[in-house]
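Only one structure is covered here, and it is reproduced in the block below.
The values are calculated or read from the model by the stated rules, or taken from the named source; none is laboratory data. Keep in mind the model is a prediction, meaning the values are calculated, not measured. All Cβ positions, glycine included, derive from the backbone under ideal geometry; neighbour counts span all protein chains shown.
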């Protein structure tokens, strides 16, 4: 082959190769109090000569609406990035881990600088997709009760009685993985997609990036020079950290993060990277129907509340006497008030005062216990009623909720994203539709629209947080799943 022709061929091959650069910056607000560990914004810049894209992860609860990043953040960083780096706004994908770290008010300026830094580091890369597994660090927080209602596990209210619980929901133990290596074989970045709320905290109560922060630290420290781990939150709407309400052991997300990090490392090391022949993005707007049943649900919940209040029974006990009697009668069998011989003596003389007193006390204890259970149900009901009333005020007169459904393909790795807190069954359903290849789903991306439960969960008469802290009508699920499947089909097509 002639030298000039060979040179042109090599140049064309190099320009078509995927290049990537990675950068991170600390966005912790140290002024508000102690931080156990830092919060980061991380930027992965991608360019194959035809398409420019940025994947950004933020250790924050959400992109707007709640938490410490305001509603204008996404627009501001996209505008600046388009102007300075030539990346179209729809090619900037931002995922929030959903940890409750307090981040700086100028997180947007820090993000833009991190994007500049990542772009300056662009270098040719090879990519490989894979999957890992971790099922020890999370649990489904929704419970189906024996009467057909569903409730959930929150620190805001009490658990239902064990006797009322029939079953719990599924988890998704899959870790979706993308590994990017430099041409010398050294890892540049690991992207890992996993579903669980990062709300466990640390024993000190200080600010923390929670288990994703600890997992990413473990991954980065073990993979070597200049590598960044990007956590992409999945369908975690109804997934809690394991033993979320444990009252016997201090809450500590670090062991959970270390377990996840080790599982990521085990799977990432098994991935073989190769030249990237498929790199594409897609971002489309989907109009979802807003909830129209707030008034009906609020009326039903208020009626239930009045019924529960009316069911409270008079009792002569207070908590001090109840607690003493409850323990006494739970432990002592048929002779709780004195030794057994006294009961037998009273029987022989036909008096039985102790037995009659015990019967009266048991009636009072049962009444007080029913009142406690009613109070616990009232707290669950009232807390979720407040969420419904909040959204009823905010959405008055609005019928449509526009959202971004985005897709990213890098080699064999394919990701579809959504701005809501998707519950786990939705992610499982979508991935089951594509049971070959590497197809993954992320919530909490490119905005925030609160919880997006399944249509069945949305109609739940038991009123869990996911059903009440929601802006969408039940019909939203079918619309999103259809669009998500279309997005996967687009990403899967060969060029």
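May I ask you to say which residue of 317, 286, 312, 308 is closer than 30 Å to residue 485 by Cβ and touching a helix residue (DSSP H, G or I) at 6+ places or on another chain (Cβ under 8 Å)?
That would be 286, the only listed residue that is closer than 30 Å to residue 485 by Cβ and touching a helix residue (DSSP H, G or I) at 6+ places or on another chain (Cβ under 8 Å).
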Boolean, residue 195 is in the same structural domain as residue 23 (by TED's automatic domain parsing), over 30 Å from residue 380 (Cα atoms) and buried (at least 17 other Cβ atoms within 10 Å of the Cβ): no
Count of residues meeting criterion [in contact (Cβ under 8 Å) with a residue 60 or more places away in the chain and farther than 24 Å from residue 394 by Cα] in segment 62-91: 2
Check whether at least one residue in segment 4-12 is in a loop (DSSP other than H, G, I, E, B) and either outside the structural domain of residue 448 (by TED's automatic domain parsing) or modelled with pLDDT under 95 (or both), and report yes or no. no
Taking the conditions exactly as written (in contact with a helix residue (DSSP H, G or I) (Cβ under 9 Å, 6 or more places away or on another chain) and at pLDDT below 95), does residue 439 satisfy them or not? no
Could you say whether any residue in segment 23-38 is closer than 30 Å to residue 206 by Cα, at pLDDT below 95 and touching a helix residue (DSSP H, G or I) at 6+ places or on another chain (Cβ under 8 Å)? no
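For every residue, the table says whether it meets (1) buried (at least 19 other Cβ atoms within 10 Å of the Cβ); (2) closer than 30 Å to residue 429 by Cβ; (3) in contact with a strand residue (DSSP E or B) (Cβ under 7 Å, 6 or more places away or on another chain).
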residue: 228; (1), (2), (3): yes, no, yes
residue: 233; (1), (2), (3): yes, yes, yes
residue: 243; (1), (2), (3): no, yes, no
residue: 262; (1), (2), (3): no, yes, no
residue: 268; (1), (2), (3): yes, yes, yes
residue: 276; (1), (2), (3): yes, yes, yes
residue: 293; (1), (2), (3): no, yes, no
residue: 297; (1), (2), (3): yes, yes, no
residue: 304; (1), (2), (3): no, no, no
I'd like the full set of residues that are buried (at least 16 other Cβ atoms within 10 Å of the Cβ), touching a helix residue (DSSP H, G or I) at 6+ places or on another chain (Cβ under 6 Å) and within 30 Å of residue 44 (Cα to Cα), limited to segment 128-163. 130, 132, 134, 137
Conditions first: (1) touching a helix residue (DSSP H, G or I) at 6+ places or on another chain (Cβ under 6 Å); (2) at pLDDT 95 or above; (3) not assigned by TED's automatic domain parsing to the domain that holds residue 240. Residue 372 passes all but one, so which condition is the exception? (1)
On the given criteria, is residue 188 crowded, with 20+ Cβ neighbours inside 10 Å, over 23 Å from the mean Cα position of the chain (by Cα), closer than 20 Å to residue 54 by Cβ and assigned by TED's automatic domain parsing to the domain that holds residue 254? yes
Checking 244, 211 in turn, the sole residue that is within 15 Å of the chain's Cα centre (by Cα) and assigned to a loop (DSSP other than H, G, I, E, B) turns out to be 244
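When you check residue 67 against the structure, is it at positive phi and assigned by TED's automatic domain parsing to the domain that holds residue 20, yes or no?
yes
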Return the residue satisfying two criteria in turn: it lies in segment 85-103 and is more than 20 Å from residue 283 (Cβ to Cβ) and out of contact with any strand residue (DSSP E or B) (no Cβ under 7 Å at 6 or more places or on another chain), and of such residues it is surrounded by the most Cβ atoms within 10 Å (Cβ to Cβ). 99
Tally, over segment 100-115, of residues that are free of Cβ contacts under 8 Å to residues at least 40 places away in the same chain and over 25 Å from the mean Cα position of the chain (by Cα): 2
Report, by residue number, each residue of segment 95-127 that is out of contact with any helix residue (DSSP H, G or I) (no Cβ under 6 Å at 6 or more places or on another chain) and within 14 Å of residue 54 (Cβ to Cβ). 95, 113, 114, 116, 117, 118, 120, 121, 122
Applying the selection to segment 214-241, what residues are farther than 19 Å from residue 199 by Cα and in a strand (DSSP E or B)? 228, 229
